[in-house]
1. How many residues does the range 275-307 hold that are assigned to a loop (DSSP other than H, G, I, E, B) and more than 17 Å from G194 (Cβ to Cβ)?
2. Which number in (1) within 16 Å of ligand 1 (Cβ to nearest atom); (2) open to solvent by 30 Å² or more (accessible area, probe 1.4 Å) marks the one condition that R368 misses?
3. Among A187, A207, A218, which is the only one that is away from ligand 1 (no atom under 16 Å from the Cβ), modelled with pLDDT of 95 or more and of a type in the set (A, V, I, L, M)?
4. Six or more apart or on different chains, Cβ under 8 Å: which pairs go from a residue in the range 30-47 that's hydroxyl-bearing (S, T, Y) to one that's outside any loop (DSSP other than H, G, I, E, B)? Could you list them?
5. Which residues, taken from the range 252-271, are away from ligand 2 (no atom under 13 Å from the Cβ), open to solvent by less than 20 Å² (accessible area, probe 1.4 Å) and part of a helix (DSSP H, G or I)?
6. Residues to consider are V301, V277, V228, V311; find the one that is away from ligand 2 (no atom under 16 Å from the Cβ) and of a type in the set (A, V, I, L, M).
7. Check the range 66-79 and report whether any residue there is within 16 Å of ligand 2 (Cβ to nearest atom), part of a loop (DSSP other than H, G, I, E, B) and either surrounded by fewer than 20 Cβ atoms within 10 Å (Cβ to Cβ) or among the basic types (K, R) (or both).
8. Going through G297, G249 one at a time, which residue ends up being surrounded by fewer than 23 Cβ atoms within 10 Å (Cβ to Cβ) and under 28 Å from L377 (Cα atoms)?
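The values are calculated or read from the model by the stated rules, or taken from the named source; none is laboratory data. This is a predicted model, so every value here is computed, not measured. Every residue, glycine among them, receives a Cβ derived from its backbone with ideal geometry; neighbour counts consider all protein chains shown. Heavy atoms of the whole protein, side chains included, go into the accessibility calculation; ligands, DNA and RNA do not. Shrake-Rupley method; radii C 1.70, N 1.55, O 1.52, S 1.80 Å.
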Amino acid sequence: MKLLIQNGRVVHPVTGTVLLQDILVEDGKISLLERGITLQADQTINAAGLAVCPGLVDMHVHLRDPGQTYKEDILTGCAAAARGGITSLACMANTNPVTDTPERVAYIRQRAEQGCGVQVYPVAAVSMGLKGKELTDAEALKKAGAIALSDDGNNVDSANLMRDALIRARRQKLPILSHCEDTSMVAGRAVNEGSVSRQLWLEGRPAIAEEIMVMRDAMLAEETGAHVHICHVSSARSVDIIRKMKKKGVPISCETCPQYFSLTEDEVLARGPMARVNPPLRTKKDVTGIISGLKDGTIDVIATDHAPHSVDEKTRPLSRALSGMIGLETSLAVTLTALYHTKKMELPAIIRRMTANPADILHIAKGRMSMGVDADLTIFDPDEEWVVDPLLFASKARNTPFTGRTVKGRVKYTIVHGQIIYQDTKQ
Ligand code: DOR
Ligand code: ZN
């Protein structure tokens, strides 16, 4: 089976170039990458006017399976990923039961085989039941196929437990993905501490709750030599801490999500619970800090933190609604709209943070554009405008704060191992 992609603008995330090249795919791998390929293929895609990049890698996704499949399941989550141009994803351990044993890691991998082809990499819990008391068996979890450890959704409150976890994770060469928010400062609170929490007469989740834990985990990474990856950075000061720690050579990396560089806490006033997320949307100053972190490479990754919830769970009053927003089907478009079309970042630099960088952190051989690699590819029109309508999503969930927004950038084809797993049919 030969697939030929012609006339595309091929984005090379690591060299930082965009080249007019054709791509020949044979047996699921890129076999030729050059200008003007004239070979006969079984299938040809004319990518004139489109960008072609390595398949997007989303390292922070909640698939809710097992246990909360009324919100999402592995198959619908994968279908949503494919629509968003995502070919590989890491799914978080806060399922029910928690993904804290090898059997549960194996379940996720087996179920994903029945999906549309998106590759699913399970993240296992740091602590049994995400309770923060007893460590999971990192070695057994790795053997079963876990690619990282995380109690995401919860902060690991005990510094002692986190330190032990890092020492063990280091032996297994597993990164720990850390949700940083000091529980004692955020429990039961819905929005950022600031002008919006004051207007609403609510206690807020202060940015310092995040920053204090970023600092702690960076220090633990420095001391143990283990790789800490900070999840969903939302505050400018977190970026500053990580920048300094990286300069010192501390083994730390981090991600942010589209909502943290395109929305502020004011969105809560406009959208109510749809804009409730942990960590919370913050201020303009934070958005500016996040964008400068993305530009200078302090922030390695753009991930979604796709967190599906039911309509009921998101239409309660703000203080009782659940936290989280979906992102798989809007991530590329929202990112291009906020960073590329505003000329803040070039295409290869953006794509690098959605491909090669997360792949490297997770030690998976993805996210590169060269001969011999897996033909996981995303083809998109960076300039096509569309209006976000969650009723059209493949996800079971509808909880996005971007409903009704005009965004620019549309996925046209998603390809895994040379197979087209999603094609945009709208002309
Ligand atoms: O808002 C959030 N929702 N933040 C998290 O860290 C977890 C997530 C969820 O699982 O719903
Ligand atoms: Zn989280």
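1. Total satisfying the criteria: 8.
2. (1)
3. A218
4. Short answer, once both residue conditions are applied: S31/L24; S31/V25; T44/L3; T44/L4; T44/I5; T44/Q6.
5. Correct list: P258, F261, V268.
6. V311
7. yes
8. Numbers: G249 fails: under 28 Å from L377 (Cα atoms).
Exactly one residue qualifies, and that residue is G297.
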